[in-house]
Amino acid sequence: MDSKPAPIYVDNAATSFPKPREVIDTISSLLGGMSLSPGRSAHRYSLECSRIIFEARETLASFFNCPDSSRIAFACNVTEALNAGILGLFGTALHPGDHVITTPFEHNSVMRPLRYLEKNAGLTLSILPLSDEGEVMVSELPRLMRDNTRLIVVNHVSNVTGSVVDLEEIGRLKGECLLMVDAAQSAGVFSIDVKKMHIDMLAFTGHKSLFGPTGSGGFYLREGLALQPLKMGGTGSNSETEVQPDFMPDIYEAGTPNTLGIAGLGSGVEFIVKTGLAAIRGHEQRLCALFLDGLRQLKNVTVFGPGAGRQRAAVVSLRVKGKSESEVAFRLDREFGVMVRAGLHCAPAAHRAIGTFPAGTVRFSFGYFNTEKDVATCLRGLDMIAAR
Ligand SMILES: Cc1ncc(COP(=O)(O)O)c(C=O)c1O
């Protein structure tokens, strides 16, 4: 008899699982139902694909309160979107000698392109400090801003501690600076309104809380702002010229798009709209509070990041005294079926800031499809591992 414990997936910050039924149905019916190359041919399959992509673009635009869906460009994930933004602004709105402000909670998909420009293109970088509660001190923004500050890049929700940055306050304080937001962990759980928050560029990934498949994502770019495109090639438009089109979204979407991924992402966002963002957030918040409550009773467990009373996402980082992070993760999976992620979560600066570098933490990230029973199993597993 198989004695493996039932799987409990609490690694939703890496990618969400399971996906809603609607997303699976959309993808499988499309894959079996038609060719998937939009905007290139005049036959019915190609036209139908164009319509599907247009609808997904409209769904995302409305979800982020973006007034014009052509300001949404699809990419293969938030890493590609952030690179398109950070590297692409260089030469349009960013120039050698300019100053950029960011946070210690940035993922390497922000830090690496920024550090690259700092080293190779004369950009200077300042990092906002953290408060005693481990939250980004947005109030310090005016102190860090200089005459040549052109860009502020922030991770909305930390993928290490679950702490949340107040985007509206940044929007109020930023003055003429551009605001670029990494919404990898927040889109689909927290309300994001690009107009109200004065966001100039919003980068999102499809496969986390937006419930799409891997390989999907994109960005919103405010009207009037342009990027140097990272890729050039076929767009199905302006094919008579050897020059990349200069209009959105085509300028940033060279190559046959990921029609399946985009359709799945559109379905994921429709699922969120139907379910209600507040219901999703409320459920995740309840699970997180339950987990944090239970953790307080456990011996030998240290939790990092904001407490239950603070605004936070359902991402919890912890350490077990005397055990390595990889051992805890391995035993949770093998003995209790609990799948978590151990290590640095591609955010070394965040771990330096909270004092957990270089070993990192064990990260639990709950999603909409987790249950209270899952939380109880996580706590039981941790308790047993920490006690032994
Ligand atoms: C805050 C943050 N930014 C960026 C990324 C990169 O996401 P992707 O691999 O989908 O590009 C992640 C994923 O872990 C993340 O949590």
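The values are calculated or read from the model by the stated rules, or taken from the named source; none is laboratory data. Since the structure is predicted, the reported quantities are computational estimates derived from the model, not experimental observations. Cβ placement follows ideal geometry from the backbone for every residue including glycine, while neighbour counts extend to all protein chains displayed.
Count of region 233-270 residues, restricted to those that are hydrophobic (A, V, I, L, M, F, W, C), out of contact with any Lys or Arg (no Cβ under 9 Å at 6 or more places or on another chain) and surrounded by fewer than 23 Cβ atoms within 10 Å (Cβ to Cβ), is 4. Taking Ser158, is it within 11 Å of the chain's Cα centre (by Cα), within 11 Å of the ligand (Cβ to nearest atom), farther than 25 Å from Asn258 by Cα and touching a residue at least 24 places away in the same chain (Cβ under 8 Å)? Yes.
Of all residues in region 178-185, none satisfies being under 19 Å from Ala353 (Cα atoms), among the small types (Gly, Ala, Ser), touching a Lys or Arg at 6+ places or on another chain (Cβ under 7 Å) and within 16 Å of the ligand (Cβ to nearest atom). Of all residues assigned to region 84-92, none qualifies as being hydroxyl-bearing (Ser, Thr, Tyr) and part of a strand (DSSP E or B). Checking the structure you have, find out if any residue of region 328-340 is assigned to a helix (DSSP H, G or I), within 27 Å of Gly212 (Cα to Cα) and without any contact (Cβ under 8 Å) to a residue 24 or more places away in the chain. Yes; the residues of region 328-340 include at least one that is assigned to a helix (DSSP H, G or I), within 27 Å of Gly212 (Cα to Cα) and without any contact (Cβ under 8 Å) to a residue 24 or more places away in the chain. Note on region 1-32: residues that are part of a loop (DSSP other than H, G, I, E, B), of a type in the set (Val, Ile, Thr) and under 16 Å from Ala329 (Cα atoms) amount to 1. The sole residue among Arg281, Arg380 that is surrounded by fewer than 17 Cβ atoms within 10 Å (Cβ to Cβ) and either at pLDDT below 95 or assigned to a helix (DSSP H, G or I) (or both) is Arg380. Here Lys299 meets the list (1) more than 30 Å from Ala342 (Cβ to Cβ); (2) modelled with pLDDT under 95 almost entirely, failing just condition (1). Only a single criterion out of (1) outside the structural domain of Thr371 (by TED's automatic domain parsing); (2) away from the ligand (no atom under 16 Å from the Cβ); (3) assigned to a helix (DSSP H, G or I) is not satisfied by Gly261, namely (2).
Select from region 196-230 the residues that are away from the ligand (no atom under 16 Å from the Cβ) and of a type in the set (Lys, Arg) and write down the one among them that is surrounded by the most Cβ atoms within 10 Å (Cβ to Cβ). Top of the filtered list is Arg222.
In region 63-109, the qualifying residues are those that are without any contact (Cβ under 8 Å) to a residue 60 or more places away in the chain and away from the ligand (no atom under 16 Å from the Cβ), and the one that is nearest to Thr15 (Cα to Cα) is Ser69.
For region 30-39, does any single residue satisfy the condition of being on the phi < 0 side of the Ramachandran plot, within 16 Å of the ligand (Cβ to nearest atom) and assigned by TED's automatic domain parsing to the domain that holds Ala263? Scanning region 30-39, I find no residue that is on the phi < 0 side of the Ramachandran plot, within 16 Å of the ligand (Cβ to nearest atom) and assigned by TED's automatic domain parsing to the domain that holds Ala263, so the answer is no.
Filtering region 31-62 down to residues that are in contact (Cβ under 8 Å) with a residue 40 or more places away in the chain and over 25 Å from Ile272 (Cβ atoms), which residue is surrounded by the most Cβ atoms within 10 Å (Cβ to Cβ)? If we take residues in region 31-62 being in contact (Cβ under 8 Å) with a residue 40 or more places away in the chain and over 25 Å from Ile272 (Cβ atoms), then Gly39 is surrounded by the most Cβ atoms within 10 Å (Cβ to Cβ). Exactly one residue among Gly266, Gly360 is more than 17 Å from Val10 (Cα to Cα), within 16 Å of the ligand (Cβ to nearest atom), in contact (Cβ under 8 Å) with a residue 12 or more places away in the chain and in contact with an Asp or Glu (Cβ under 8 Å, 6 or more places away or on another chain), and that residue is Gly360. Within the set Arg380, Arg352, Arg334, Arg363, the sole residue that is of a type in the set (D, E, K, R) and closer than 25 Å to Leu277 by Cβ turns out to be Arg363.
It is to be established whether one or more residues within region 228-245 are within 23 Å of Asn65 (Cα to Cα) and in a loop (DSSP other than H, G, I, E, B). The answer is no; no qualifying residue exists. For region 121-128, does any single residue satisfy the condition of being within 16 Å of the ligand (Cβ to nearest atom) and closer than 30 Å to Phe291 by Cα? Yes, region 121-128 contains at least one residue that is within 16 Å of the ligand (Cβ to nearest atom) and closer than 30 Å to Phe291 by Cα. The condition of being over 23 Å from Gly85 (Cβ atoms) and either touching a residue at least 24 places away in the same chain (Cβ under 8 Å) or not assigned by TED's automatic domain parsing to the domain that holds Met111 (or both) holds for only one of His283, His198, that being His283.
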